[in-house]
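Novice: Please find one structure pasted underneath; my questions will follow.
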Amino acid sequence: MERIREKLSILADAAKYDVSCSSSGSKRKNTDKGIGDASNGICHTYTEDGRCVSLLKILLTNYCIYDCAFCVSRSSNDIKRAAFTVDEVVELTMNFYRRNYIEGLFLSSGIFKNADYTMERLLKIVKKLRTEERYNGYIHLKTIPGASEELINEAGLYVDRMSINLEMPTEEGLKKVAPEKSHEAVKRPLGIVQNKIQQFREERKLIKHVPRFVPAGQSTQMVIGATPENDMQIMHTASAYYKNFSLKRVYYSGYIPIRTDDVLPVVQPPLMREHRLYQTDWLLRFYGFNVHELLNEKHPDLDMQVDPKLMWALRNMHCFPVDINTADFQSLLRVPGIGRQSVQKILEARKFGRLRIDQLRKLGIAYNRAQYFIVCADTPVGLGSLQEHQVRSRILSLGKSKYAPAFSTQLSLF
Amino acid sequence: MIYLFDKSFEGLLSAVFDRFEYRHDVSRLLPADQAQQVLFEETHTVYSSSAKSERVWKGIQAKADAAWQRIIYCAFLSELTEVHHTLFMVLVRLFAGQVNLKNFGDATVLLLSQTAKKVEREKHRMKAFIRFEKSEDGMYFARIAPDFNVIPLIITFFKNRYADQPWIIYDQKRLYGVLYDTDQVHHIRKLPEDLSDHMLPDKPVQMDEDETLYATLWRDYFKSTNIEARKNPKLHRQHVPKRYWHLLTEKKIIWE
Ligand code: SF4
C-alpha cells in the first residue's frame, strides 16, 4: 500500500500542471451493460484552489529524456522518479470510477527511452480499459511528441480526447526554454488526428457502425508568463489553432516558477492575467467576437481592471446604448452584464410587453453594470451620455467584478 | 377555503382536480400536518388518487411543453410549502387560461422556474458528490442528505452509468433510497437501524478489503492536486458547500 501511495503522489503531482480537466463533448454511451459513459462533463470535486476535479490526472512515468526548462519532470531536475505499470493505471482508474470519484482518466507521460516506447505503453492502457474492462468513461490522452502515426491512429480509436501542448505561445518562446521542441512538431500530430476525425465522420454518414475516433476532439495548452509574449500574441496563436486544427479548447496556464529551494515564499502565478485570457477565449468562441476587435497593435494587452467584454464596450461607446426592447441578438450579446442566457430570456420576455428596469433585474441581469449601455422602457434620460472614463470609474467603484473576491487575497499583495 | 394535502405529487395534482370539481375558492394549499395553523377558515382535505392525478397530468401535458413539465416536477421536489402553494395556484390559473408560462415577468412563474433551477443544481451536485463505498459482498453503497428530494432525478443517470455493478443510494434525511441489482431499480424504505447514519463511526457493513486502500488513495490524490500557490478557500467552499462535506470521501473526517 505504501508503494502505490508514493507512486500516485509523485505521478499525480507531476501531472497537475496540465490544466485541462474538461470531460465533456464526448457522446460515448454505456453499451451492453459495461461500465460508464462519457457524456456528462461532471466536476466531482474541487481543489482547495477552486479548480474542477473531474479526471484522474496522472503521468505513466515522470522519467524523461528531455530537459524542457519549464517542466518539473525535466531530466536535470533532482526529484523522485516513479513509473506505474499498465495494470496499476487500469486498476486505479476502474476503482476510482466505480466509486464515482471521477469522470475518467487524463493520462500523459514523460518520455521514457523514446517516443514510441512510451506511446506503446499508453496505448496498452487505453486499449485494456476499453476492451477488457468494458469501460466507457472518459479518456483524455496526451500524445507523445514524435510518436509514430500508426500508434497515434490506433490510440485514437479508444480515447475521447487527444491533446498535445504548444507549451509556449510563440515558436521563439518555445525555442528558448525547450530547444528540442517546435510548434511544427505539434502541428504534425494535430494534423494527423484532425484528418482522421474528418475521415471517420465522412464514413459514419455512409455506414452506421464506423467506430468513433477521438469524439471529444483535440486541445492544447500554453504556459503564460514564462516567456515575454504579450496578450495579443497569445490570443492570435490561440485563434489560429482553433481555426486551423478545429481545436475544442485552448488552455492557458499561468507560469509558476518551480523552485528547488524552499527558503523563498511561494510565488504567485499571474492568476488575473490567466483569468482574463480565458474570458477572451470565451468571447471568441461563444460571443461572436473577432480576436482583432479585442487585441491589436493599438491595444496589445488586456485590461486587468475590467473584463474584456467591458473593455471592448468602453472602447466602443459609440455602439451604445442599445435598446433592450428592440435590439437584435448580437447587439444584446455585446452588452456588459448580459450573458447568453439572459439574452434568450430578454428576447422571450419582451414579447409580453416592454421591459422595465425591475424586470431586467429579476431576469438575472447585472443591471448595475449594464445600465450604462442600455435603455429600458423606464430608463431616465441622461444616463446614456456618460464618457468612457466616467463609466469605468463608476463601475469599478460599484464593486468588484464578479471574480474580484476570488482574487482579493492575491491582489492585495501588490 | 384552505386545501390540505399529503405532500405527494399525486396529492398536489389531486388538489388541482378537486378545485375544479368542487369549484372552491381556494386561498391556500397547505400540508395536512400544518392544519393546526388554520384557525378560522374552512378546510378541505384532498384525497390523493392516481385516477385524479393522471387526468390532471394529461391536462398539463397538453398545456405545457416538456421543459415546463420538468419545471413543475422539479419545483415540487423542492418540498417547500410556499412553492407547493404557488405551484397549485399556477396550475389552477393554467387550466383557467389565465397564465402564460413563458412570461418570466410574472412573479409566480419566475418563482417556479427559479426553484426548479435550484433543485436541478442540487441534482447536478449529487451526480458529482455521491461517493460509493464497496462492501464485502460487492455492493456499492452511498449515503446522501440533500436539501431537496433529488433521488427521483438521478436514478436513470446512475443506472446507465453503473450498469454492471449493484448499488444503493440512500437518502438519510428522508429515510428512503433506491437499490439497483444490475437488472432493476427497487425502492427501499427506512433501512434497518444499523445501516443509518447515527450508527457511524462503527461501520455497520463489512467493507471490501480494498475499500480503505482506494479511499486513502483518493484522499491522497485530492490533496496532491492542490497547487499551494493558487490556494483559494472561499472559491473552494463556493463549489463544494460545507454542508456536503460529511459525506465526501475526500473531505470527511476519518474515524481511525
Ligand atoms: S518532454 Fe514533456 S515531460 Fe519531458 S521535460 Fe519536456 S515537457 Fe517535461
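Novice: When DSSP beta bridges are limited to those with both residues in the protein assembly as shown, what percentage is antiparallel, rounded to the nearest 5?
Specialist: 30
Novice: Another question, then. Which whole-number percent is the relative contact order of chain A (Cα, under 8 Å, 6+ apart)?
Specialist: 11
Novice: Something else about it: How many percent of DSSP beta bridges within region B:130-247 run antiparallel, rounded to 5?
Specialist: Taking every DSSP beta bridge with both residues in region B:130-247, the antiparallel ones total about 70 percent.
Novice: Let me ask you something else. Below 8 Å, C-alpha to C-alpha, sequence gap of six or more: please give me the relative contact order for chain B in percent.
Specialist: Relative contact order, chain B: 13 percent.
Novice: Right, next: Using the basic label-point model (7 angstrom from Cα toward the beta carbon), what is the B:N100 to B:E79 distance in nanometres?
Specialist: Calculated label separation equals 3.7 nm.
Novice: Count, for each residue of A:318-327, the Cβ atoms from other chains sitting within 10 Å of its Cβ, then give me the mean as a whole number.
Specialist: Across the residues of A:318-327, the mean count of other-chain Cβ atoms within 10 Å is 0.
Novice: How well do other chains shield peptide A:228-238, expressed as the mean number of their Cβ atoms within 10 Å of each residue Cβ?
Specialist: Average neighbour count from other chains, rounded to a whole number: 0.
Novice: Follow-up question, since we're still on this one. Please work out the Cα convex hull volume for region A:308-407 and give it in Å³ per residue.
Specialist: For region A:308-407, the hull spanned by Cα atoms encloses 103 Å³ per residue.
Novice: Now, a different point. Around B:E79, what is the net charge, scoring Lys/Arg as +1 and Asp/Glu as -1 over all other residues with Cβ under 13 Å from its Cβ?
Specialist: -2
Novice: Give me D for the protein assembly as shown in µm² s⁻¹, whole number, from Stokes-Einstein with Rh from the Kirkwood sum over alpha-carbon pairs, 37 °C and 0.692 mPa s.
Specialist: 117
Novice: Just grab the label-to-label distance for A:K127 and B:Q114, each label 7 Å out from Cα along the Cβ direction, in nm (one decimal).
Specialist: Each label point lies 7 Å from its Cα, and together they span 5.7 nm.
Novice: Of A:K57/B:K223; A:K7/A:K80; B:K58/B:K102; A:K362/B:K118, which pairs sit farther than 18 Å apart, going by alpha carbon to alpha carbon?
Specialist: B:K58/B:K102
Novice: Still on this model: Ignoring solvent entirely, what values of log10 I(q)/I(0) come out of the Debye formula for region A:2-289 at 0.09 Å⁻¹ when each Cα is a single scatterer?
Specialist: At q = 0.09 Å⁻¹ the computed log10 ratios are -0.42.
Novice: Oh, and also: Quick one: angle between helix A:183-206 and the longest Cα principal axis of chain A, in degrees between 0 and 90, rounded to 10, please.
Specialist: Value to nearest ten degrees: 90.
Novice: Shifting gears a bit: So, for region A:2-289, what is the accessible surface per residue at a probe of 1.4 Å, expressed in square angstrom?
Specialist: 40
Novice: Before I look further, what does chain B give for accessible area per residue, probe 1.4 Å, in whole square angstrom?
Specialist: Per residue, chain B has 49 Å² of solvent-accessible surface.
Novice: A follow-up question, please. Principal axis extents for region B:130-247, Cα atoms only, whole Å, descending order, please.
Specialist: Dimensions of region B:130-247 along the principal axes of its Cα atoms: 47, 34, 31 Å.
Novice: Now a separate question. Compute the relative contact order of region B:130-247 as a whole-number percentage, counting only Cα pairs closer than 8 Å that sit 6 or more residues apart in sequence.
Specialist: Relative contact order of region B:130-247: 24 percent.
Novice: With the cut-off at 26 Å, report for region B:2-122 the share of all Cα pairs above it, as a whole percent.
Specialist: That fraction is 14 percent.
Novice: Taking both sides together, what accessible area is buried at the B/A interface, probe 1.4 Å, expressed in Å² and rounded to the nearest 100?
Specialist: Heavy-atom accessible area buried at this interface is about 5200 Å².
Novice: When the Karplus curve 6.51 cos²θ - 1.76 cosθ + 1.60 is applied with θ = phi - 60°, which whole-Hz ³J(HN,Hα) does each residue of region B:41-55 get, with x for Gly and Pro?
Specialist: 7, 6, 10, 9, 8, 7, 8, 5, 9, 6, 5, 5, 5, 5, 5
Novice: For a protection proxy built on the mean count of beta-carbon atoms within 10 angstrom, sort A:90-100, A:281-291 highest first, please.
Specialist: A:90-100, A:281-291
Novice: Moving on. Taking θ as phi - 60°, what are the ³J(HN,Hα) couplings along region A:69-81 by the Karplus curve (6.51, -1.76, 1.60), each to the nearest whole Hz, with x for Gly and Pro?
Specialist: 4, 8, 9, 4, 7, 3, 4, 7, 7, 8, 9, 5, 10
Novice: A further question follows. So, with a 1.4 angstrom probe, what is the percent of accessible area on the protein assembly as shown that is carbon and sulfur?
Specialist: 52
Novice: Where the convex hull is taken over the Cα atoms of chain B, what is its projected area averaged over directions, in nm²?
Specialist: The directionally averaged projection comes out at 17.7 nm².
Novice: Which value in deg cm²/dmol, rounded to the nearest 500, describes the helix-derived mean residue ellipticity at 222 nm for chain A, given -39,500 (n - 2.57) per DSSP H run of n ≥ 4 and division by the residue count?
Specialist: Rounded to the nearest 500, the figure is -12000 deg cm²/dmol.
Novice: Also, quick follow-up: How much accessible area per residue does region A:308-407 have, in Å², with a 1.4 Å probe?
Specialist: 50
Novice: Label B:S49 and A:I79 with points 7 Å out from Cα along Cα→Cβ: what is the distance between them in nm?
Specialist: In this crude spin-label approximation the distance works out to 7.1 nm.
The values are calculated or read from the model by the stated rules, or taken from the named source; none is laboratory data. All figures in this text were calculated on a predicted structure; none of them were measured in a lab. Cβ coordinates were reconstructed from backbone atoms using ideal geometry, including for glycine residues, and neighbour counts include every protein chain displayed. These accessible areas exclude ligands, DNA and RNA; they are computed on the full protein's heavy atoms, side chains included. Shrake-Rupley method; radii C 1.70, N 1.55, O 1.52, S 1.80 Å.
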